[in-house]
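The values are calculated or read from the model by the stated rules, or taken from the named source; none is laboratory data. What you see is a predicted model, and the numbers here were worked out from it, not measured in a lab. Cβ atoms come from the backbone with ideal geometry, glycine included; neighbour counts cover every protein chain shown.
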Amino acid sequence: MENNKTMQGRISALLMEMGAVPALKGFHYLKEAIMLAVDDEYYAMNITTAVYPHISQKYSISVFAAERAIRLTINKSWNARDKSRAEEVFRSTLQGNSDIPTNSMFIASLAEWLKYNSDLMN
């Protein structure tokens with residue numbers, strides 16, 4: 001797998017394509033969550049029990065604050081996303097254009113897409 005800095009850059013770029021802005025705390029929490037899920041599938045399958053506790057410990061916040069910041073970032077950014085890239089990443093997992101993915105779906109889908117398609121990023 002590619003080096004850590006390169007993957008972090010790809011994660012940041014993909015998050016920005018999904019409409020997220022680095023000024024939000026949740027952006028950085030999402031970046032950490034996706035990095036964990038790319039490195040180890042255990043995290044992709046255990047967002048609530050593994051990812052949120054990891055983030056809360058790293059950033060000295062509560063598990064609830066980590067979950068909420070991630071949820072707010074996804075909700076705020078969803079309308080600004082690159083719709084064609086979102087279609088690529090989420091495929092048929094969302095019912096319609098107005099559906100907003102859950103935190104778990106967002107993190108796991110981006111991690112999975114990055115594992116196999118990060119070479120497609122500009």
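Results, tabulated for the structure shown:
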| item | result |
| --- | --- |
| Residue within the stretch 49-57 that is assigned to a loop (DSSP other than H, G, I, E, B), of a type in the set (Val, Ile, Thr) and surrounded by 14 or more Cβ atoms within 10 Å (Cβ to Cβ) present | no |
| Selection within the stretch 2-46 - touching a residue at least 60 places away in the same chain (Cβ under 8 Å) and either part of a loop (DSSP other than H, G, I, E, B) or of a type in the set (S, T, N, Q) (or both) | GLU2, MET18, GLY19 |
| Within the stretch 70-93, tally of residues that are free of Cβ contacts under 8 Å to residues at least 24 places away in the same chain and crowded, with 16+ Cβ neighbours inside 10 Å | 1 |
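Per-residue answers, yes or no, for (1) assigned to a loop (DSSP other than H, G, I, E, B); (2) out of contact with any Pro (no Cβ under 9 Å at 6 or more places or on another chain); (3) modelled with pLDDT of 95 or more:
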residue	(1), (2), (3)
ILE61	yes, yes, yes
ILE70	no, yes, yes
TRP78	no, no, no
SER84	no, yes, no
VAL89	no, yes, no
GLN95	yes, yes, no
SER98	yes, yes, no
